[in-house]
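Quick notes on the structure that follows.
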Amino acid sequence: MVLVWQIASSIAADRLFPGPVQVVSVLLHEAVRGELPYHLGISLARVVASLGSAILIGAALGYAAGRSHRADIWMRPWIVLLLNMPALITVILIYIWLGLAETALVLAVALNKIPNVVVTIREGASRLDKDFAEMAELYRFGRAAKLQHVVLPQLAPFFLVTLRSGLALTWKIVLLAELLGRSNGVGFQLQVYFQNFDVTHILAYAISFGVVMLAIEYGLLVPLERRLFAWRR
């Protein structure tokens, strides 16, 4: 990939498509200056806050929809509506209603992610094994024990799907929200570099963004997946 990148950059103009050496040099310079870690950290914190809120709310709603037919019927049209609502519209409306504040950004991003969480967890909740539930009743499990030993292990795969898809989607919406209404973060920086036609810095921030995603995948999600499914082996 790096070789193809180098060949392509040698054919194109440096201003439009800089090579890997030039981009990595800028990336390291921004990291040493502290600009890259600062803006990347702010964006990551917003992703965690937005995705965490969306998972907490969406999981509760999804579980209710999966276990109750009435709740599913009531929520379905709202979920379909929100699933098809463009993120841009949600972000703009929340900014207009609440102002260009941090709370508005987190709320707008969470609202865009909640429907996806509801759909995924609803599928998992509707497929819970009845035999396990009957066993829990037979052994007189309390609510906490039933949740820990019966419900959550069966929902674990659906939570992992939610986390993986949620990270990808939440990052994109956070960057959009930062571009529209914040004065810091990766999205704001990309807006500045876009206005200056600075492709080198744009690619540097894109690479750093990809590195963070790979670190989260292999440093957090893969070990978590192994631990959650260790009982299957």
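Some notes on this structure:
- Inter-centroid distance (Cα atoms) of the range 45-80 relative to the range 186-210, Å: 33
- Nearby lysines by direct alpha-carbon distance to Lys113 (threshold 21 angstrom, same-chain neighbours under 8 apart not counted): Lys172
- Counting only protein heavy atoms and a probe of 1.4 Å, the accessible surface of the chain is 68% carbon and sulfur.
- Around Pro115: net Lys/Arg minus Asp/Glu count, Cβ-Cβ under 12 Å: +3
- Calculated from the structure at hand, log10 I(q)/I(0) by the Debye sum over Cα atoms at q = 0.09, 0.16, 0.17 Å⁻¹ is found among [x] -0.50, -1.14, -1.21; [y] -0.40, -1.07, -1.19; [z] -0.46, -1.20, -1.34 as [x].
- Accessible solvent surface per residue of the chain, calculated while the other protein chains remain in place, 1.4 angstrom probe, Å²: 59
- Where only DSSP H runs of four or more residues are counted, the chain gives -26500 deg cm²/dmol as its mean residue ellipticity at 222 nm, each run worth -39500 (n - 2.57).
- Straight-distance candidates among the lysines for linking to Lys146, with alpha-carbon spacing under 24 Å and chain neighbours fewer than 8 residues away dropped: Lys130.
- Sequence-separation-based contact order of the chain, relative, with Cα cut under 8 Å and 6+ spacing, percent: 28
- Residue-count net charge about Leu82 - beta-carbon cut-off 12 Å; Lys, Arg +1, Asp, Glu -1: +2
The values are calculated or read from the model by the stated rules, or taken from the named source; none is laboratory data. Model, not experiment: these values are computed from the prediction. In this analysis, Cβ positions are derived from the backbone assuming ideal geometry, glycine residues included, and neighbour counts consider all displayed protein chains. Please note that ligands, DNA and RNA were not included when accessible areas were found on the heavy atoms of the full protein model with its side chains. Shrake-Rupley method; radii C 1.70, N 1.55, O 1.52, S 1.80 Å.
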